[in-house]
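No lab work stands behind these numbers, since they all come straight from the coordinates. Just so we're clear, the structure is a prediction, and the values are computed from it rather than from any experiment. Reconstructed Cβ throughout: ideal geometry from the backbone, glycine too, with neighbour counts over all protein chains shown.
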Ligand code: KIV
Ligand code: NA
């Protein structure tokens, strides 16, 4: 079983792999492939729940999906992503929401979209035994303020990200996701920290990489420019579903081998 300590110690040594999963069968496949961390991302809002942003995702939805992923995972570290406004409003409530992911959904860690307001919270969570993965750069829960634009492109913004990265490491985060930032900024942050950085749209110099599993599989429409599609699951699903519809309509399915043996019934009346 991989632990957050193992992940920490991979910084600068072995490339770290992380993928999202939102259900048991996908988690089982991702885990069997040897992926180090499975992120139950709030990207589930777009990827599986049909919303057009992550904002509507609730603590209960995250808990339910995290529990499903945890049940199907043997080796990987399972990280529950804390949804919009589940943290940051009130400290006690934030801790309770994060704690539920470990107590009730068997997560190994939580991920927080970070800013100046999450440094103290990260410290409290780490003290309480809740491992924190920090997330800086593009934080999609800020979409109404920032859009989905690349972050850290000016010197001031880049410095702010580096300062926040250091502050969260200091506060006890075990790793840091960097999303959609310039590659040279990600490289500098990676150099400055001892905890591993895990990049998405952040170049090749991070300690690890993360992608949304739907984008990797080729399932769904809007793929960000920095994602790479490694398969065409959508076509495979279309083919299977069309095949089923055609077979029922043509009477080909069910054939005898799919039907229960007929019972020895007397004539019914
Ligand atoms: O929700 C998510 O999938 C994420 C990753 C893209 C880092 O936050
Ligand atoms: Na997320």
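For the chain, the calculated P(r), taken from all Cα-Cα distances in 10 Å bins from zero up to the bin holding the longest distance, is 7, 28, 33, 16, 6, 5, 3, 1, 0 percent. Summary of the geometry: the stretch 39-74 and the stretch 189-212, compared by the centres of their Cα atoms, lie 23 Å apart.
Remark on the stretch 61-105: Rg and Dmax equal 11.1, 34 Å (Cα only).
Spatially, the stretch 136-164 and the stretch 239-257 are offset by 51 Å when compared through their Cα centroids. Equivalent ellipsoid of the stretch 85-183: semi-axes from √(5λ) of the C-alpha gyration tensor, largest first, are 24, 14, 12 Å.
What number, in percent, do you get for the relative contact order of the stretch 4-237 if the mean sequence gap of Cα pairs under 8 Å and at least 6 apart is divided by its residue count?
Values: 485 pairs, mean separation 42.8, N = 234.
Relative contact order comes out at 18 percent.
The peptide list 39-52, 169-182, 217-230, put in order of mean Cβ contacts within 10 Å with the highest first, becomes 169-182, 39-52, 217-230. Pair-distance distribution of the stretch 202-262: all C-alpha pairs, bin width 5 Å, starting at 0; shares per bin in whole percent are 4, 15, 16, 13, 11, 9, 9, 7, 6, 4, 4, 1, 0. Across 147, 137, 203, mean-square fluctuation computed from a Gaussian network of the chain (C-alpha pairs under 10 Å connected) peaks at 147. Between the helical axis of 155-171 and the longest alpha-carbon principal axis of the chain there is an angle of about 80 degrees. Quick one: helix 59-72 against the long Cα principal axis of the chain, what's the angle to the nearest 10°, folded into 0 to 90? Rounded to the nearest ten degrees, it is 70.
Taking all pairs of different Cα atoms in the stretch 1-75, averaging 1/r and flipping that mean, what Kirkwood radius in angstroms comes out?
Computed over Cα pairs of the stretch 1-75, the Kirkwood hydrodynamic radius comes out at 13.1 Å.
If the Kirkwood radius is taken over C-alpha pairs of the stretch 148-207, then at 4 °C and 1.567 mPa s the Stokes-Einstein diffusion coefficient equals 116 µm²/s.
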